[in-house]
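Here is the structure we will look at.
The values are calculated or read from the model by the stated rules, or taken from the named source; none is laboratory data. Because the structure is a prediction, the values reported are computed rather than measured. FYI the Cβ positions are ideal-geometry reconstructions off the backbone, even for glycines, and counts take in every protein chain you see. Accessible surface areas use protein heavy atoms only, side chains included; no ligands, DNA or RNA. Shrake-Rupley method; radii C 1.70, N 1.55, O 1.52, S 1.80 Å.
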Amino acid sequence: MRRRTGLAIAGVSALAWGEWLNWRWSRALVGCRGGASAAGVVLGYRNPQATANLINRWRVRAGIRSIAADDAHGTCVIFSGGATSSGASKAQLMADYAKSVLEFDGTMLLEDQSATTWENVTNVIPLLEDVERIKIASQPAHALKARAYLRRQRPDLAEKLVRADDYRPGEWTFVKPLLALYGLWTLRGLKADERKVSL
């Protein structure tokens, strides 16, 4: 009985920790800037098949809902990701999913050359010059990493970063502890002052 109780407490604690850490990451390195135009940047994940995989489908949904409340004028979604083994780029697979499955009819821009998160950020910069708010959508730790990279590459554009809708309580709950562990590993190289969050 005690063992089961201990396991239950440990399981609940792990879930709560995963939720909390992902929640904190989703709110790091963002402001509350206003403005009429916004861009949701959706970062692609490796995708060996010919259609968007589970992670990329979720990222597309997060990117679209991130701009759903914005004025349609001057607002767009940017899909970023280079070639996959199937031949099509991650950006194209995500855009196809947005259009054919989610029936998204807003403005979509594709950046289809990137192979890494650093390149994602580098290559979308020309598309972000004229927008007033930037929302980077991915799993919270990955999006935080991209925001930190934007601060390194273009601090002036990083001032336009606002929260994306890529964290929701109860979404991916049972996976969030694993995402938190992976996030701690992927964020280990970032400077503490860039993260502004205790890891």
Calculated FRET efficiency for the pair residue 172/residue 51, C-beta based, R₀ 30 Å, to 0.05: 0.90
Take residue 102, project a point 7 Å from its Cα along the Cβ direction, then tell me which residues of the range 14-50 have their backbone nitrogen under 11 Å from it. 40-43
Heavy-atom surface of the chain, accessible at 1.4 Å and reported per residue (Å²): 50 Å²
Taking each full run of DSSP H in the chain as one helix, which ones are at least 27 Å long along their axis (Cα atoms) and have mean Kyte-Doolittle hydropathy of at least -0.5? 2-26
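Would you work out the charge dipole size for the chain about its Cα centre, treating the Cβ of every Lys and Arg as +1 and the Cβ of every Asp and Glu as -1, and quote it to the nearest 20 debye? The partial results should precede the final answer.
Details: 28 positive and 19 negative charges, 249 e Å.
Roughly 1200 debye for the chain.
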Provide, for the chain, the number of lysine pairs with alpha carbons under 23 Å apart, each pair being eight or more places apart or on different chains. 16
From zero outward in steps of 5 Å, how is the percent of C-alpha pairs of the range 58-199 spread across the bins? 2, 9, 18, 22, 22, 17, 8, 2, 0
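So for the range 41-126: antiparallel DSSP bridges make up what percent, rounded to the nearest 5?
Details: 1 of 9 bridges.
Of all bridge pairs located within the range 41-126, approximately 10 percent are antiparallel.
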Need one number: nm distance between label points at residue 9 and residue 86, each 7 Å from Cα along Cα→Cβ, rounded to one decimal. 4.7 nm
Cut-off 15 Å (backbone N to label point 7 Å along Cα→Cβ of residue 116), residues of the range 63-107: 82
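With runs of 4+ DSSP H residues as the only contributors, calculate the mean residue ellipticity of the chain at 222 nm using -39,500 (n - 2.57) per run, divided by the residue total and rounded to the nearest 500. Each step should come with its number before you reach the end.
Working: 8 runs with 95 residues, N = 199.
Estimated from H runs of four or more residues: -15000 deg cm²/dmol.
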Excluding the sites themselves, what is the longest stretch of the chain that contains no trypsin sites (Lys or Arg not before Pro) in a DSSP loop with at most 11 other C-beta atoms within 10 Å? 1-187
